[in-house]
Amino acid sequence: MRTSISPMAFIEARDLVKTYSPKGAPVVRALDGLDLDVPQGTVAALLGPNGAGKTTTVKVLTTLIRPDSGTATIDGVDVLGDPQAVRRMIGASGQYAAVDENLTGFENLMMVGQLYHLGTKVARQRAKELIEQFDLVEAQNRPVKGFSGGMRRRIDLAGALVIKPPVLFLDEPTTGLDPRSRMGMWDVIETLVADGTTVLLTTQYLEEADRLADSISVIDNGRVIAKGTADELKASVGGQRVALTLVNEADGEAVRSILAQHGSGEPVASGGGRTWIVPVADGAPALSAIVAAVAQEGISLHDAGMRRPTLDDVFLQLTGHEAEHSPDETNRDETTEDAA
Amino acid sequence: MSTINPTVTGTAPRASGTLTPVPGNTVTRFLSDGWVTTWRNLMKIIRVPEILLFSLIQPIMFVLLFNYVFGAAIDIPGEGYTSFLMAGIFGQTVVFGSTYSGSAMAQDLKDGIIDRFRTLPMNGAAVLVGRTNGDLVINALSMLVMMGTGFLVGWRVTSSPLEFLAAVALLLLFAYAFSWVMAFLGLAVRSPEIINNASFLILFPLTFVSNAFVPSENLPTPLRVFAEWNPVSALVQSARELFGNVPPGTPVGDAWTAQNPIATVLLGIAVMLLIFVPLSIKRFNSLSR
């Protein structure tokens, strides 16, 4: 899909293609004609499963990877033609742009400031500010290798904010964090957005995209397969759905055929096959008919109900597979693949 | 605070308060970046003292092992084996020490810190300069320790202080040049484990098929030719002569390299730097593939 070119797009990518040829394996099209427009001061989320091309997209935009073809600009500056100019206005944080384990939190920020050529004095002052802002005062003089996962993400994000960049790239900013740290990161990101920073983030968490992003681009197989606000995407899937949670997974096939009969679309399984969902044309009557039919078959249910579509449904409908909710381990694969 | 960076050609208004670089040209930026990355690598030596510890213990072990195990069996006319051995150990240690550049480079790539650097408007070559500078410091420190150990087992420098310094400078320069070779391998191979294993395949022939531990004249012909043209031999021979550890009347090989060890080693250093500095920088800059 190709959207009209917005004159206000701050981050703009056109038809990005990137292929890898792993040894003894077929060519991987990590990016397959990807387009992106992010207006200034907004948060855009790239949402997609592992290997969809999210990280590759961010790596292209942060000058780490050259695409095979396509163009990308940030604030009108050509990412491929003038990477140094792009680097002077971006901050990047995420699974790949790491901090130095052997340096303290303060030293890491100081180093980044110096490598942005802010001068020792400004670099030191900015490091101090960020340490306070990110609640790392107590830990600032300890080497990062002793930091907890949440602290590490915070210092990593702080590193991306050293020059107060107009554009910020966050690659899976909360992957691998516990729920409390994740909430903390969300608060931080929301504060940044309130300051007018343009943010492009990638996530596998629908909830995260829903909460943080003004616009969501759903990515699969290296291209954008749907784009819009969370509400627009949900509306595009349409209507209400009936969801049944089975006591016994083995009843799945029977339930599927009942749902197919009463629903207005294909029933899909989620939650490891225990929950079956089907879009319905008329909510309440459909639900009672379905429940009656299920009872007649003698199938026991944990739960039955009606609900509005979630981003999960959008995802399922668009990609034909479920979004991953515990990606912490598999998540590494995309990075290694990219590095291959 | 809201000054606009003149080098950015963007048209949209900037987010408020983006910090801008202090004025500077390519050279001052390069020096500053080189210093920052060198500092970072030196901090690692301080924070992970095991690195230094092992790079110091190893040469001590070699001095003691070779001196007492082989020293008893190898007959060197004149001053004896200790005197012969020390320049060899120096040569071997700086070559071994330089391999750290390769594994550390690969490790940095793996850890993602290189990606962090590459999103910053810094000079990429400075990352390599910082790497090789840091390793030069490790090499210098282990040389100090080795000299102390050598002194304890009876090694003596009989030349002038100037010649002594020239020998040290030559050894360190060679180490520095070899660091660039290894840094290139680290960038090319990208796996610290593979680098560690593969480097032994380079290091052992390079240091053992030389005149570092035994006089190369007695080697079988193919090995002797290799040893004669091995830059490590020239390095060791130069150091030996400059330390005054070659007794008068010691036979010298016929090869040009054996006749002119200092010229040979300088040539070797120049060749390594001329090839591997640009190659490493090119490789670093093309990490974006």
Charge tally for neighbours of B:V214 with beta carbon under 15 Å away, counting Lys, Arg as +1 and Asp, Glu as -1, is -1
Quick one: which of A:20-27, B:256-263 comes out on top by average Cβ neighbours within 10 Å, and what's the full order, highest first?
B:256-263, A:20-27
Cβ-derived FRET efficiency at R0 51 Å, B:I46 paired with A:R29, nearest 0.05:
0.65
Given the Cα-Cα distance of A:S21 and A:A250 and 0.36 nm per residue of separation, how much length would full extension add, in nm?
78.3 nm
For segment B:51-195, with +1 on Lys and Arg beta carbons and -1 on Asp and Glu, the positive-most of B:G97, B:P121, B:G148 along the dipole:
B:P121
Mind telling me which of B:D108, B:D33, B:D254 comes out most flexible in a GNM of chain B, alpha-carbon contacts under 10 Å?
B:D254
What is the total of Lys pairs in chain A with C-alpha atoms under 15 Å apart, excluding same-chain pairs fewer than 8 positions apart?
4
If the elastic network links every pair of Cα atoms under 10 Å, which of A:R154, A:R182, A:R274 fluctuates the most in the Gaussian network model of chain A?
A:R274
Pulled fully out, how much extra length does the chain show between A:S69 and A:S257, if you take 0.36 nm times their separation in residues and subtract their Cα-Cα distance?
63.1 nm
So what is the 222 nm mean residue ellipticity for chain A from helices alone, if each DSSP H run of at least 4 adds -39500 (n - 2.57) and you divide by all residues, rounding to the nearest 500 deg cm²/dmol?
-11000 deg cm²/dmol
What does the C-alpha gyration tensor say about the overall shape of segment B:74-189? Classify as rounded when a/c is under 1.5, otherwise prolate if a/b is larger than b/c, or oblate.
prolate
Along the Cα→Cβ direction, 7 angstrom out, place labels at A:A304 and B:S159. What is the inter-label distance in nm?
9.5 nm
Given the rule -39500 (n - 2.57) for each run of at least 4 DSSP H residues, summed and divided by the residues of chain B, what is its mean residue ellipticity at 222 nm, to the nearest 500 deg cm²/dmol?
-23500 deg cm²/dmol
Computed about the Cα centre, the charge dipole of chain B from +1 Lys/Arg and -1 Asp/Glu charges at the Cβ has a magnitude in debye, to the nearest 20, of 1200 debye
Under a crude label model (7 Å from the Cα following the beta-carbon direction), how far is B:D254 from A:A292 in nanometres?
11.0 nm
Extension gain (nm, one decimal) between B:L273 and B:M61, 0.36 nm per residue minus Cα-Cα:
73.3 nm
Tell me, what HN-Hα J-couplings in whole Hz come from the Karplus equation 6.51 cos²θ - 1.76 cosθ + 1.60 at θ = phi - 60° for each residue of segment A:308-315, using x for Gly and Pro?
6, x, 10, 4, 4, 5, 4, 4
Residues of type aspartates and glutamates that B:K44 reaches as a straight line, Cα spacing below 18 Å, ignoring anything fewer than 8 places off in the same chain
A:D100, A:E101, A:E107, B:D33, B:D108, B:D111, B:D135
Charge dipole (segment A:129-200, unit charges on Cβ, about Cα centre) - positive-most of A:G176, A:L192, A:P143:
A:P143
Go through A:L318, A:L130, A:S288 and say which Cα lies farthest out towards the positive end of the charge dipole of chain A; charges sit on Cβ, +1 for Lys and Arg, -1 for Asp and Glu.
A:L130
With Cα springs under 10 Å, the Gaussian network model of chain B assigns the largest mean-square fluctuation among B:V214, B:V271, B:V137 to B:V271
Measuring from the longest principal axis of the C-alpha atoms of chain A, the long axis of helix A:283-296 (C-alpha) lies at a number of degrees, nearest 10, equal to 60 degrees
So the FRET efficiency between A:W186 and B:A169, C-beta based with R0 = 51 Å and rounded to 0.05, is 0.35
Based on alpha-carbon centroids, what's the gap between segment A:40-117 and segment B:150-228 in Å, whole number please?
41 Å
Taking H as built 1.01 Å from N, whose amide H comes closer than 5 Å to the amide H of A:I11, not counting residues under 5 places away?
A:V38, A:D75
Positive minus negative residues near A:P279 (Lys, Arg vs Asp, Glu; Cβ under 9 Å):
-1
How far, in degrees from 0 to 90, does helix A:179-194 lean away from the longest principal axis of the Cα atoms of chain A, to the nearest 10?
60 degrees
Quick check on segment A:54-93: take the gyration tensor over C-alpha atoms, sort the square-rooted eigenvalues as a ≥ b ≥ c, and tell me if it's rounded (a/c under 1.5), prolate or oblate.
oblate
Mind jotting down a quarter of the surface of the convex hull over the alpha carbons of segment A:1-140, in square nanometres, one decimal?
11.0 nm²
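Values in this text are rule-based calculations from the coordinates and carry no lab data. Here the structure is a predicted model, which is why all the values come from computation and not from measurement. Neighbour counts run over all protein chains shown; Cβ positions are idealised from the backbone, glycine included.
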